[in-house]
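The values are calculated or read from the model by the stated rules, or taken from the named source; none is laboratory data. What you see is a predicted model; the values in this text were computed from it and never measured. Every residue, glycine as well, gets a Cβ built from its backbone with ideal geometry; the counts of neighbours run over all protein chains shown. Calculation scope for accessible area: heavy atoms of the full protein, side chains included, ligands and nucleic acids excluded. Shrake-Rupley method; radii C 1.70, N 1.55, O 1.52, S 1.80 Å.
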Amino acid sequence: MSRRKLFLSGLVAVLIALLAGISLSLQRARSVSVPPTGSGAEAVAGLFASSLDDLEGRQRSFSNWQGKTLVVNFWASWCPPCREEMPAFSRLQERYAKQGVQFVGIALDTADSVRAFAAASPVSYPLLLGGGDGAELARRFGNTGLGLPYTVVISPAGELRLRHLGPLSEDELALAVQQTLAR
């Protein structure tokens, strides 16, 4: 191989590594838990006044989950961190269901993509099709840039306990659920 080709190959490898590092650091920088400002009462009230279609086309009203600890996860099938955290969310749904905890996924994605994802990777909680209404709900909870994944935790009393942009580990979310249940 000529020196020029060797130099260009090395340069391309360095650029790829640099871009991967920048991407990883940006992803980590976006993973931020933000204590709710104020009570979040307007966002919570807007959520409980809303309904979205499930994967079978049935309207699901959030008022059905009022009075429970509600974990709402905004996600998309094209979002790798979203897909990675969903098995842990399913395990937590099963672990805390008897304590009145309900997880709900709001997909900011196409219906076909969500159905295909759910067929290949089933979860133990409802997946709803967000569309424009789901995006508006995310904005009301402070996710103005619509970054994903974005998770909120609401207490049985309707208090906003957590807003988190970026992936959540199973332990982090379990702690937030436990703290909400303890109050």
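Note on the stretch 85-105: residues that are over 16 Å from the mean Cα position of the chain (by Cα) and surrounded by fewer than 17 Cβ atoms within 10 Å (Cβ to Cβ) amount to 6.
Taken as a whole, the structure places Ala174 among residues that are touching a helix residue (DSSP H, G or I) at 6+ places or on another chain (Cβ under 7 Å) and in contact (Cβ under 8 Å) with a residue 40 or more places away in the chain. With respect to the conditions (1) closer than 11 Å to Thr69 by Cα; (2) under 14 Å from the mean Cα position of the chain (by Cα), Leu108 lacks only one, and its number is (1). On the stretch given as the stretch 54-76, residues that are open to solvent by 20 Å² or more (accessible area, probe 1.4 Å) and either aliphatic (A, V, I, L, M) or in contact with a Lys or Arg (Cβ under 7 Å, 6 or more places away or on another chain) (or both) total 1. Counted as qualifying within the stretch 88-183 are the helices (runs of 4 or more DSSP H) with 2 or more residues that are of a type in the set (Val, Ile, Thr), namely 170-182.
Among the conditions (1) open to solvent by less than 10 Å² (accessible area, probe 1.4 Å); (2) in contact (Cβ under 8 Å) with a residue 60 or more places away in the chain; (3) in contact with a helix residue (DSSP H, G or I) (Cβ under 9 Å, 6 or more places away or on another chain), Cys82 misses just one, which is (3). Any residue at all in the stretch 38-48 that's among the β-branched types (Val, Ile, Thr) and either in a strand (DSSP E or B) or modelled with pLDDT under 95 (or both)? No, the stretch 38-48 contains no residue that is among the β-branched types (Val, Ile, Thr) and either in a strand (DSSP E or B) or modelled with pLDDT under 95 (or both).
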